[in-house]
Every structure is written in structure tokens, then in C-alpha cells.
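Student: A single structure is presented below for examination.
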Amino acid sequence: MPITTDIHDDGVAEVVVDVPPVNALPVAGWFELAGALERLGRDPAVRVVVLRAEGRGFNAGVDIKEMQATEGFDALVGANRGCFAAFAAVYDCPVPVIAAVHGYCLGGGIGLVGNADIVVASEDATFGLPEVDRGALGAATHLARLVPQHKMRAMVYTAATATAAELAAFGSVLAVVPREQLRDKALEVAREIAAKSPAVIRAAKESLNGIDLWDVKRSYRYEQGFTFELNLTGVADEHRDAFVRGGKDARPGQAGGAEGDR
């Protein structure tokens, strides 16, 4: 799976996702991403992690085509567990995680970014949850960490996207830069953190998680229960089948559009 890691001499680690065509991760990809973040967090040489992607966008969620091509519910259960593991790995990483977002950030991408400590974005970045157009729910927990409550609800109901500039105005995106400057900006912020005492920074990360206003893992797991209900009733399967057949808004960046989302 093309998820690579690199640890720089200054203690900055990069995790790079490159899963063509749209960075929609299959089940194994979510677990691989979780494992990479967990390993880096355990490494005493790592002081901060930058999570970024190559290609057309940051992340398009889960691979719906894999899900529909798999008999039974193994892929569905795997995607739910994989997303949960990856989102938790970002949140629980003992060092700060900086998400560097370009292009589209949809579905599962919101789960990753919403649990990150810091977000930097390129000017072309857009953020959204097309879940209702896929007969699913989830990651509103994480979207609520990026936009105000009523904006989050409107985005969930309509599958509309928000721009990087909007999120910067809300204070959830630290900086918006031209796309060609995104990696450099993320590394600049990372190096500022890496230059500080690693013991203090790790303590700061643990303390900030400890005073969080809600349990993001429990909240997301609650959302996932409704996705299972929609699957049991057959509603979700109908929506996913329509997507695979080439239904409307099937392109990343549009309302509800991605290779696959969770």
C-alpha cells in the first residue's frame, strides 16, 4: 500500500498517502495508515508528524467500489474498524500531528483532519461530508471540530463543502497557502514545534487530549451505529450501488462526490 513514512534529522516525521486515483483508501489502507502513525508515535526520535498526500486531493474517504465488490459485510465492517483505528491513531499519537490538506478532503479525510492537532491547507482545499448521498453517516464528530455547530449540520444535511478560507476564518485552519507552498508551510510549523523540549511537547499533547470537551472516539462510534442500521435496512447498499453505476456527483470536489467516503 503506497503509504510512506520518513523521519528527518530534526525529529519531524512525514506520513505521505498516495493511493491513485483519488486517495480513497481500501480497508487495508486505513489499517496501514493507523499502524504507521502508531509506530511513529512510539519512536523517541519523532517530535512531530506531518500527515499529507500526493495526487489530486488529500483524501476521498473509503473505497466504495471495494465495498460493493465484496460479498457479505466484511468490507463494511473492515472500513468502519479501519477508519476508527486511523482516526484514533491521529488523536492518540503522543506527538502533535499536522495535517497538510490540498484539493478535496471528504468523508474519512474529515475524520483524519478533525482529529489532527494543527491544520494547514492550500488555497484549493475543500472540506465536506457527502455521507448522506452514500446512505451513510459518520465523521460529524470531526467536522464539528472544524466548523461551528450549525454550519456542521447544514454541511451534513446538504453534503455541501467548505473552503480552506472559510475554515481559516473559523480558526480551525492555521494557514492557507498556495498549493506549491503547502509542504514547506507544514514543515515550517513542524520544525518550530520540533525545536522545543520533546518531553514537554509530549506532555502537552497528553494534557490537551485529557481536557478535551468530548470523547471523539465514543462520539464517532455512536455515529457508526446509524450507518450499520442503514445497511441492515438496505438503504445504504442502494446508495452505494448507484454510486458504482456512475450516479450523479461522482467526482471528487463536488457535493457528495468522491471515490468513496465514510
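Throughout, read-outs are computed from the coordinates displayed, never taken from laboratory work. These figures come from a predicted structure and were not determined experimentally. All Cβ positions, glycine included, derive from the backbone under ideal geometry; neighbour counts span all protein chains shown.
Student: With θ set to phi - 60° and the Karplus curve 6.51 cos²θ - 1.76 cosθ + 1.60, what are the ³J(HN,Hα) couplings of the range 191-196 in order, to the nearest whole Hz, using x for Gly and Pro?
Tutor: 5, 5, 6, 5, 6, 8
Student: For the residue pair ARG42 and ARG81, what label-to-label distance in nm results when each label sits 7 Å from Cα along the Cα-to-beta-carbon direction?
Tutor: Spacing of the two 7 Å Cα→Cβ label points: 1.9 nm.
Student: Put a dot 7 Å past each Cα toward the Cβ at THR233 and GLU180; how far apart are the dots in nm?
Tutor: With each label point 7 Å from Cα toward Cβ, the separation is 5.1 nm.
Student: Okay, moving on. Would you please classify the overall shape of the range 23-63 from the alpha carbon gyration tensor, given that a ≥ b ≥ c denote the square roots of the eigenvalues, rounded means a/c under 1.5, and beyond that prolate means a/b larger than b/c while oblate covers the rest? Let's see the in-between values first.
Tutor: Working: a/c = 4.40, a/b = 1.69, b/c = 2.60.
The shape class here is oblate.
Student: Which length gain, in nm to one decimal place, applies between PHE226 and ALA168 when the Cα-Cα distance is subtracted from 0.36 nm times their residue separation?
Tutor: Values: separation 58, 0.36 × 58 = 20.88 nm, distance 3.08 nm.
Working it through step by step, the gained length comes to 17.8 nm.
Student: Between GLU188 and VAL244, take the C-beta separation as r, use R0 = 45 Å, and let me know the FRET efficiency to the nearest 0.05.
Tutor: Efficiency, from the Cβ-Cβ distance: 0.65.
Student: What does the charge dipole of the chain about its Cα centre add up to, to the nearest 20 debye, if the Cβ of each Lys and Arg holds +1 and the Cβ of each Asp and Glu holds -1?
Tutor: 440 debye
Student: Normalised by the residues of the range 1-51, what does the relative contact order come to in percent, with Cα pairs under 8 Å and at least six apart?
Tutor: About 45 percent, as a whole number.
Student: Turning to a different aspect of this structure: Once fully extended, how much extra length lies between ILE211 and LYS196, figured as 0.36 nm per residue of separation less the alpha-carbon to alpha-carbon distance?
Tutor: Difference between extended and current length: 3.2 nm.
Student: In deg cm²/dmol and to the nearest 500, what is the mean residue ellipticity at 222 nm of the chain if only DSSP H runs of at least 4 residues count, each as -39500 (n - 2.57), divided by the residue total?
Tutor: Mean residue ellipticity, 222 nm, calculated: -14500 deg cm²/dmol.
Student: Next question. Between HIS150 and ALA204, what is 0.36 nm times their sequence separation minus the Cα-Cα distance? Round to one decimal in nm.
Tutor: 16.4 nm
Student: How would you classify the chain from its alpha-carbon gyration tensor, with a ≥ b ≥ c the square roots of the eigenvalues: rounded for a/c under 1.5, else prolate if a/b is greater than b/c, otherwise oblate?
Tutor: On the way: a/c = 1.65, a/b = 1.54, b/c = 1.07.
Prolate, because a/c is 1.5 or more and a/b exceeds b/c.
Student: Using Cα-Cα distances under 8 Å and only pairs 6 or more residues apart, what relative contact order does the range 11-129 have, in percent?
Tutor: So the answer I get is 30 percent.
Student: In Å, what is the Rg of the alpha-carbon atoms in the range 60-196, and how long is Dmax?
Tutor: 15.5, 50
Student: Could you check which residue among VAL216, VAL200, VAL97 shows the biggest mean-square fluctuation in a GNM of the chain with a 10 Å Cα cutoff?
Tutor: VAL200
Student: Quick one: order TRP214, TRP30 by neighbouring beta-carbon count within 10 Å, fewest to most.
Tutor: Values: TRP214 10, TRP30 29.
By the 10 Å Cβ count, ascending, the order reads TRP214, TRP30.
Student: Using Cα springs under 10 Å in a Gaussian network model of the chain, which residue among GLU66, GLU238, GLU131 shows the largest mean-square fluctuation?
Tutor: In this elastic network of the chain, the residue with the biggest mean-square fluctuation among GLU66, GLU238, GLU131 is GLU238.
Student: What distance in nm lies between label points placed 7 Å from Cα along the C-beta direction at GLU54 and THR158?
Tutor: 3.7 nm
Student: Any lysines with Cα under 25 Å of the LYS205 Cα? List them, leaving off those in the same chain fewer than 8 positions away.
Tutor: Hits, sequence-local ones excluded: LYS185, LYS196, LYS217.
Student: Turning to a different aspect of this structure: With a ≥ b ≥ c taken as the square roots of the eigenvalues of the C-alpha gyration tensor of the range 186-241, please select rounded if a/c is under 1.5 and otherwise prolate if a/b is larger than b/c or oblate if it is not?
Tutor: Because a/c hits 1.5 or more and a/b fails to exceed b/c, the range 186-241 counts as oblate.
Student: Which of the lysines could be linked to LYS65 by a straight reach, that is with a Cα gap under 18 Å, when you skip same-chain ones fewer than 8 residues away?
Tutor: LYS248
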